[in-house]
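Visitor: Handing you this structure, nothing more for now.
The values are calculated or read from the model by the stated rules, or taken from the named source; none is laboratory data. Keep in mind that what you see is a predicted model, and the values were worked out from it rather than measured. Note that each Cβ is placed from the backbone with ideal geometry, even for glycine, and that neighbours are counted across all protein chains shown. Note: areas computed on protein heavy atoms with side chains; ligands, DNA, RNA excluded. Shrake-Rupley method; radii C 1.70, N 1.55, O 1.52, S 1.80 Å.
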Amino acid sequence: MVKKEIYRAAWECPSNIALVKYWGKKEAQLPMNPSLSFSLKKARTQTRIRMEASSRRKVEFLFEGQPSVFAERIERYLASMSLEHDWLNDYSFYIESSNTFPHSAGIASSASAFGALALCLVDLKEQVTKKNFTEQQFFQKASRWARLGSGSACRSVFPSFALWGRMGGFLNSTDCNAIPVTEKFHSDYQSLRDAVLLVDSAQKQVSSSAGHQLMNQHEFKHVRIAQANKHLSELVQVMKEGNHARFFELVEKESLSLHAMMMTSDPSFILLQPNSLLLIQKIREYRQKSGLALGFTIDAGPNIHLIYFEKDKQEVHAFIESELLALTENGQWLDDRIGSGPLKLANDEV
């Protein structure tokens with residue numbers, strides 16, 4: 001009896017939060033504008049794959065021990081990937097995945113999920129071909145493959161700050177994958193924290209994919225692309241200088257511009273809720289009153305991300321508990337911070 005060819009890979013990948021937002025995409029998941037993000041420390045996806053030689057590709061997927069509709073998305077992703085990487089057609093995949101954060105926590109779970117999946121696939125390719133990539137090649141390839149599953153996932157495979165999209169002044173920047181940003185930012189930015197204030201955990205009325213598509217014919221598309229490029233150039237400069245006040249002005253303007261594009265698309269849609277706006281108002285009032293350097297950002301949803309620095313943690317937590325939790329869903333919030341990127345896990349049996 002011939003022994004089956006079996007390979008295993010296991011990786012943990014963080015989610016990320018964008019400071020300059022990507023909204024709108026071209027073919028092959030390429031972005032209309034560049035974006036800048038930082039990876040999170042606690043919000044992570046762990047994925048383990050067992051890959052067996054097979055005459056016909058089959059995919060079995062469990063999320064936190066249970067069958068999941070996400071399996072269909074993974075099957076489509078692998079089918080698409082196999083058009084270019086035909087070795088994927090020679091195996092069946094048994095995948096187990098879990099999150100360290102609630103699926104409905106207002107954090108981009110697709111970014112960490114496809115980041116972890118892509119890291120595993122690059123790892124498996126090394127094993128199958130018996131050719132090792134350099135560290136730079138490995139993570140560049142993982143970023144490119146992650147992008148094909150979920151655009152923002154390409155930024156998750158790097159620690160700290162990552163840039164996705166072609167941008168003047170950044171060597172090797174490209175629309176095809178993200179790159180780690182090694183600019184000499186002020187040291188404070190390595191202590192950024194992200195308090196996710198959960199306004200509503202229900203599924204969004206309009207998916208991000210549908211929202212991206214509406215950018216194709218948006219009357220403000222070209223203005224928004226120019227704005228994002230301008231914001232990114234300035235943001236990098238103020239982060240080098242340590243100009244925290246301007247940093248938060250730009251980050252807030254970016255998130256509000258994102259939602260302005262949603263509200264002025266055709267058809268128009270609104271993801272912010274009354275409590276989202278009340279949280280924004282309270283954060284701005286508290287900043288004015290306390291003099292602390294903090295601000296907010298918002299992804300494509302109603303939940304508010306309160307961004308602040310480690311040194312202000314005690315005061316900010318007291319503010320959240322006394323004034324903000326009453327505006328969240330059942331008093332729910334998650335506290336995270338800038339992270340050190342993905343982690344290779346032991347190849348325990350799947």
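Visitor: Which number in (1) within 27 Å of S209 (Cβ to Cβ); (2) assigned to a helix (DSSP H, G or I) marks the one condition that D299 misses?
Guide: Of (1) within 27 Å of S209 (Cβ to Cβ); (2) assigned to a helix (DSSP H, G or I), only one is false for D299: (2).
Visitor: For D200, all conditions in the list (1) of a type outside the set (A, V, I, L, M); (2) under 30 Å from A318 (Cβ atoms); (3) touching a strand residue (DSSP E or B) at 6+ places or on another chain (Cβ under 9 Å) hold save one; what is the number of the exception?
Guide: Status for D200: all satisfied but (3).
Visitor: For Q281, are the conditions met, namely being within 17 Å of P302 (Cα to Cα), touching a residue at least 60 places away in the same chain (Cβ under 8 Å), out of contact with any helix residue (DSSP H, G or I) (no Cβ under 7 Å at 6 or more places or on another chain) and surrounded by fewer than 19 Cβ atoms within 10 Å (Cβ to Cβ)?
Guide: The answer is no for Q281.
Visitor: Determine if region 51-69 includes at least one residue that is open to solvent by less than 20 Å² (accessible area, probe 1.4 Å), over 23 Å from A18 (Cα atoms) and of a type in the set (D, E).
Guide: No, the conditions are met nowhere in region 51-69.
Visitor: What number of residues in region 85-121 are under 17 Å from I179 (Cα atoms) and of a type in the set (A, V, I, L, M, F, W, C)? Please lay out each step first, then the result.
Guide: Taking region 85-121 as the starting set, the residues that turn out to be under 17 Å from I179 (Cα atoms) are 111-112, 114-116, 118-119.
Now narrow it down to the ones that are of a type in the set (A, V, I, L, M, F, W, C): 111, 114, 116, 118-119.
Total meeting the criteria: 5.
Visitor: Another question about this same structure. Regarding region 251-263, can at least one residue be identified that is at pLDDT 95 or above and more than 24 Å from the chain's Cα centre (by Cα)?
Guide: Scanning region 251-263 turns up no residue that is at pLDDT 95 or above and more than 24 Å from the chain's Cα centre (by Cα).
Visitor: Among the residues that make up region 261-276, is at least one of them β-branched (V, I, T), open to solvent by 60 Å² or more (accessible area, probe 1.4 Å) and within 18 Å of S201 (Cα to Cα)?
Guide: Yes, the conditions are met somewhere in region 261-276.
Visitor: With the checklist (1) of a type outside the set (A, V, I, L, M); (2) surrounded by 14 or more Cβ atoms within 10 Å (Cβ to Cβ); (3) touching a strand residue (DSSP E or B) at 6+ places or on another chain (Cβ under 9 Å); (4) at pLDDT below 95 in hand, flag the one item T328 doesn't pass.
Guide: (4)
Visitor: What tally of residues in region 288-300 results from selecting those that are open to solvent by 20 Å² or more (accessible area, probe 1.4 Å), touching a residue at least 12 places away in the same chain (Cβ under 8 Å) and out of contact with any Ser or Thr (no Cβ under 9 Å at 6 or more places or on another chain)?
Guide: Going through region 288-300 one residue at a time, the tally reaches 3.
Visitor: R8 is checked against (1) buried (at least 22 other Cβ atoms within 10 Å of the Cβ); (2) in a strand (DSSP E or B) and fails just one. What number does that condition carry?
Guide: Unmet condition: (1).
Visitor: What about D90, is it surrounded by fewer than 20 Cβ atoms within 10 Å (Cβ to Cβ) and more than 30 Å from N330 (Cβ to Cβ)?
Guide: So D90 fits the description; yes.
Visitor: Which numbered condition trips up L334, out of (1) outside any helix (DSSP H, G or I); (2) over 28 Å from T45 (Cα atoms); (3) open to solvent by 30 Å² or more (accessible area, probe 1.4 Å)?
Guide: Condition (2) is where L334 drops out.
Visitor: Here's another thing I want to ask about it. Can you name every residue in region 111-133 that is of a type in the set (D, E, K, R) and part of a helix (DSSP H, G or I)? Steps first, please.
Guide: Filtering region 111-133 for residues of a type in the set (D, E, K, R) gives 123, 125-126, 130-131.
Within region 111-133, D123, K125, E126 qualify.
Visitor: Related question: Can you say whether S92 is over 16 Å from K344 (Cβ atoms) and either aromatic (F, W, Y) or assigned to a strand (DSSP E or B) (or both), as far as the supplied structure shows?
Guide: For S92, the condition - over 16 Å from K344 (Cβ atoms) and either aromatic (F, W, Y) or assigned to a strand (DSSP E or B) (or both) - is met.
Visitor: Next question. Taking the criterion of being touching a residue at least 24 places away in the same chain (Cβ under 8 Å), more than 30 Å from T297 (Cβ to Cβ) and among the acidic types (D, E), would at least one residue in region 68-89 satisfy it?
Guide: The answer is no, given that none of the residues of region 68-89 is touching a residue at least 24 places away in the same chain (Cβ under 8 Å), more than 30 Å from T297 (Cβ to Cβ) and among the acidic types (D, E).
Visitor: Taking region 16-41, which residues are open to solvent by 30 Å² or more (accessible area, probe 1.4 Å) and either over 29 Å from N172 (Cα atoms) or over 13 Å from the mean Cα position of the chain (by Cα) (or both)?
Guide: Hits for region 16-41 are K25, K26, E27, A28, Q29, L30.
Visitor: Next up: Could you tell me whether region 234-245 includes any residue that is assigned to a helix (DSSP H, G or I) and either modelled with pLDDT under 95 or closer than 23 Å to S209 by Cβ (or both)?
Guide: no
Visitor: Could you say which residue among I320, I307, I270 is touching a residue at least 60 places away in the same chain (Cβ under 8 Å) and either over 19 Å from K21 (Cβ atoms) or part of a loop (DSSP other than H, G, I, E, B) (or both)?
Guide: Going through I320, I307, I270 in turn, the sole match is I320.
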